[in-house]
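To start, the structure itself, in structure tokens.
The values are calculated or read from the model by the stated rules, or taken from the named source; none is laboratory data. These numbers were taken from a predicted model, which means no experiment stands behind them. A quick note on method: Cβ atoms are made from the backbone with ideal geometry, for glycine too, and the neighbour counts reach across all protein chains shown. The accessibility values were calculated without ligands, DNA or RNA, using every heavy atom of the protein model including side chains. Shrake-Rupley method; radii C 1.70, N 1.55, O 1.52, S 1.80 Å.
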Amino acid sequence: MERWKGRVALVTGASVGIGAAIARALVQHGMKVVGCARSVDKIEKLAAECESAGYVGTLVPYKCDVTSEEEILSMFSAIKTLHQGVDVCINNAGLAHPEPLLSGRTEFWRNMIDVNVMAMCICTREAYQSMKERNIDDGHIININSMSGHRVIPSSATHFYAATKYAVTALTEGLRQELQEAKTHIRATSVSPGLVETEFAFRLHNNDPEKAAAIYESLKCLKAEDLADAVVYILSAPPHVQIGDIQMRPTEQLT
């Protein structure tokens, strides 16, 4: 991670869970991390914690709703003005709504596409353009995917969500191919976790917190820090190593 010290990483969805853990880990390794979310209160608190812990890097909170292309473009413009540009882009923002294919509400399907697919693509495009205009040839784009991007479980509440994550799988591989065609050494990787103990299940089952709690109590889940460790491993790989996808589950998880 030595070569990343002082360089700029963007982490979307950085206020809680996996995004917050990744932001903390990158700051710990000396990076300047722009952490964005719709609400920055928790990111500001995390930034203060990182500073008081004496971490080498810094965490810069930025308010951004990734469902708005205008806000994403404004964020990248601010990063260019204040920090020159982005060297690493961690597309972490993601969500699920329990909307089945046969009875789901269109607005919630569209919200999943906007956050899980469109925001990722827009951030990826802008991060690449930022790297290209500064002749950055060793940047990295990491998409936080899901095991739901590789298999469909028999649960109607997550079928549409799985479709968006299958899109992440395809788009990450497509990105890798386009980067090769562009004759650049910028790399693309996705990280596909199984069950991670975060706020995800509580948001998915927001009308039934007991059900959400039972999911996490059913086995020893992955921790957000496990995902952060995976990101550090990916960024630590030597330039000639292309890690396409890391699939990781709790040892006790079957599917």
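Here are the numbers for the structure shown:
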read-out: Using a Förster distance of 45 Å, the FRET efficiency for L102-K5 (Cβ separation, nearest 0.05); value: 0.30
read-out: Relative contact order computed over region 116-196 (Cα-Cα under 8 Å; 6+ residues apart), in percent; value: 41 percent
read-out: Residues of type lysines that K45 reaches as a straight line, Cα spacing below 19 Å, ignoring anything fewer than 8 places off in the same chain; value: K32, K63
read-out: Calculated on alpha-carbon atoms, Rg and Dmax of the chain in Å; value: 17.5, 52
read-out: Amide proton proximity set for T198, modelled H, under 5 Å, gap of 5+; value: none
read-out: Charge dipole (the chain, unit charges on Cβ, about Cα centre) - positive-most of F202, V8, V60; value: V8
read-out: Rounded to 10°, Cα long-axis angle of helix 119-133 versus longest principal axis of the chain; value: 10 degrees
read-out: DSSP-assigned coil residues among trypsin sites (Lys or Arg not before Pro) in region 165-195, each with at most 13 further Cβ atoms within 10 Å; value: K183
read-out: Nonlocal amide H pairs with R249, under 5 Å, H built at 1.01 Å; value: G194
read-out: Charged-residue dipole, Cβ positions (Lys, Arg, Asp, Glu), region 129-235 about Cα centre, Debye nearest 20; value: 240 debye
read-out: Loop sites in region 191-250: chymotrypsin sites (Phe, Trp or Tyr not before Pro), DSSP, at most 11 other Cβ within 10 Å; value: none
read-out: Kirkwood Rh (inverse of mean 1/r, distinct Cα pairs), region 101-152, angstrom; value: 13.3 Å
read-out: With 5 Å bins from 0: P(r) over region 1-127, alpha-carbon pairs, percent; value: 2, 12, 21, 22, 18, 11, 6, 4, 2, 1, 0
read-out: Residue among V56, V241, V40 with the largest mean-square fluctuation in a Gaussian network model of the chain, springs linking Cα atoms under 10 Å; value: V241
read-out: Virtual paramagnetic centre 7 Å along Cα→Cβ of A48, amide N under 16 Å, in region 1-40; value: 40
read-out: Cα pair distances of region 80-231 binned at 10 Å [whole percent]; value: 10, 36, 32, 16, 5, 0
read-out: Accessible area of region 101-159 belonging to carbon and sulfur atoms, whole % at 1.4 Å probe; value: 55 percent
read-out: For region 146-201: accessible area per residue (Å², 1.4 Å); value: 45 Å²
read-out: Size of electric dipole in the chain: Cβ of Lys, Arg +1 and of Asp, Glu -1, about Cα centre, debye, nearest 20; value: 320 debye
read-out: Karplus 3J(HN,Hα) series, Hz, for region 242-252 with 6.51 cos²θ - 1.76 cosθ + 1.60 (x for Gly, Pro); value: 9, 8, x, 7, 10, 9, 9, 10, x, 4, 8
read-out: Rounded to whole Hz, the Karplus (6.51, -1.76, 1.60) HN-Hα couplings of region 154-170, x for glycine and proline; value: x, 9, 4, 5, 10, 5, 5, 4, 4, 4, 5, 7, 4, 4, 4, 4, 5
read-out: Phi-based couplings in Hz for region 24-32 (Karplus 6.51, -1.76, 1.60; Gly and Pro marked x); value: 4, 5, 5, 4, 4, 8, x, 8, 8
read-out: Theoretical ellipticity at 222 nm over the chain - DSSP helices of four or more residues, -39500 (n - 2.57) apiece, nearest 500; value: -14000 deg cm²/dmol
read-out: Mean accessible surface per residue for region 1-43, computed with a 1.4 Å probe while every protein chain stays in place, in Å²; value: 34 Å²
